[in-house]
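Participant: What follows is a structure written as structure tokens; I'll ask about it next.
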Protein chains: 2
Amino acid sequence: MDTYYAVIFTSKRAPEDKGYADMADRMLELAAQQPGFLGVESARQEIGITVSYWENLESIANWKRHTEHRLAQARGRETWYDSYTVRIAKVEKEYSFFQDAVNPQPK
Amino acid sequence: MDTYYAVIFTSKRAPEDKGYADMADRMLELAAQQPGFLGVESARQEIGITVSYWENLESIANWKRHTEHRLAQARGRETWYDSYTVRIAKVEKEYSFFQDAVNPQPK
């Protein structure tokens, strides 16, 4: 497995949307265009968790500095988030399970 | 910051509960009792993301081998999950934002 990095973004939202959903869609679209982007996974209930995957620390730093992303970060602190934490972590091990690989369905 | 580890567990559920919710509650309770456990965060929409935090790789390996957890893992592959991925990652950097620290509310 090639080394790669995960950015774990956990957040608590402020009560009102105020353009949050549009921004979130736009940031996903934009992140996916950045060099070194590998993928993203996201879910929200009481808290939101978004994990994005990157080839290296440089690609993460570049995305953090991206002009449109910086505006979104500032707006996030002003308006959208009660709190958030960002963790940058080096993925050292990975394994997956797929039900269909164990119990293939008839075609 | 002391080094610590994140276990990123992303999953797609099978349609029916079949005891899943009870097992999930029990595993959270049990994980929190393990040596080296630091915390857990979880959310589910189309996919589920659970991130647990641990002091070191040994505590993660011990939890993976825990008898009751192993039974849950086996049942998960048989019944509860269509697919899942586990990533073990070393947290290298962390920062947080708290709205109240920026804009303290009057008491």
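Each reported figure results from applying straightforward, stated rules to the coordinates on display, with no laboratory input. These figures come from a predicted structure and were not determined experimentally. Quick reminder, even Gly has a Cβ in these numbers, built from the backbone with ideal geometry, and neighbours come from all protein chains shown.
Participant: Return a single number: how many Lys pairs in the protein assembly as shown, at a sequence separation of 8 or more or on separate chains, have alpha-carbon atoms below 20 angstrom apart.
Facilitator: Taking the Cα cut-off of 20 Å, the pair count is 14.
Participant: Could you tell me the relative contact order of segment B:4-93? Use alpha-carbon pairs under 8 Å, at least six residues apart, and round to a whole percent.
Facilitator: With pairs under 8 Å counted, the relative contact order is 51 percent.
Participant: Given a Förster distance of 25 Å, report the FRET efficiency between A:Thr85 and A:Asp22 from their Cβ-Cβ distance, rounded to the nearest 0.05.
Facilitator: Given R0 = 25 Å and the Cβ-Cβ separation, E is 0.60.
Participant: Name the residues whose placed amide hydrogens come within less than 5 Å of the amide hydrogen of B:Glu92, ignoring near sequence neighbours (fewer than 5 apart) on the same chain.
Facilitator: Here the answer is A:Ile88, A:Ala89, A:Lys90, since their amide H atoms fall under 5 Å of that of B:Glu92.
Participant: Tell me the distances, shortest first, between A:Asn62 and the same position across the other copies, using label points 7 Å along Cα→Cβ, in nm to one decimal.
Facilitator: Nearest first, the other copies' label points are 4.2 nm away.
Participant: Counting only residues 5 or more places away or on other chains, whose amide H sits under 5 Å from the amide H of A:Asp82 once H atoms are built in the peptide plane?
Facilitator: For A:Asp82, the qualifying residues are A:Lys12, A:Arg13, A:Ala14.
Participant: Would you kindly work out, in nm and rounded to one decimal, the distances from the label point of B:Gln45 to those of the same position in each other copy, ordered shortest first, with label points 7 Å along Cα-to-Cβ?
Facilitator: Reported distances to equivalent positions: 1.4 nm.
Participant: One decimal, nm, shortest first: give the distances between the label point of B:Arg77 and those of the same position in the other copies, each label point 7 Å from Cα along Cα→Cβ.
Facilitator: 4.6
Participant: Compute the separation of the alpha-carbon centres of segment A:1-30 and segment B:40-88 and state it in Å as a whole number.
Facilitator: Going from one Cα centre to the other spans 23 Å.
Participant: Could you tell me how many cubic angstrom of Cα convex hull volume the protein assembly as shown has per residue?
Facilitator: 170 Å³
Participant: How would A:Val40, B:Val102 line up from fewest to most surrounding beta-carbon atoms within 10 angstrom?
Facilitator: Taking fewest neighbouring Cβ atoms as first place, the list is B:Val102, A:Val40.
Participant: Whole-Hz Karplus ³J(HN,Hα) for segment A:16-33, in order, using 6.51 cos²θ - 1.76 cosθ + 1.60 and θ = phi - 60°, x for Gly and Pro?
Facilitator: Here the 3J(HN,Hα) series is 9, 5, 6, x, 4, 4, 4, 4, 4, 4, 5, 5, 4, 4, 6, 4, 5, 8 Hz.
Participant: Can I ask one more? Given segment A:4-92, report the % of alpha carbon pairs whose separation exceeds 24 Å.
Facilitator: 14 percent
Participant: Give the residue list of GluC sites (Glu not before Pro) in segment A:1-58 that are DSSP loop and have at most 16 other beta-carbon atoms within 10 angstrom.
Facilitator: A:Glu16, A:Glu46, A:Glu55
Participant: Per-residue ellipticity at 222 nm for the protein assembly as shown, helices alone: DSSP H runs ≥ 4 residues times -39500 (n - 2.57), over residue total, nearest 500 deg cm²/dmol?
Facilitator: Calculated mean residue ellipticity at 222 nm is -9000 deg cm²/dmol.
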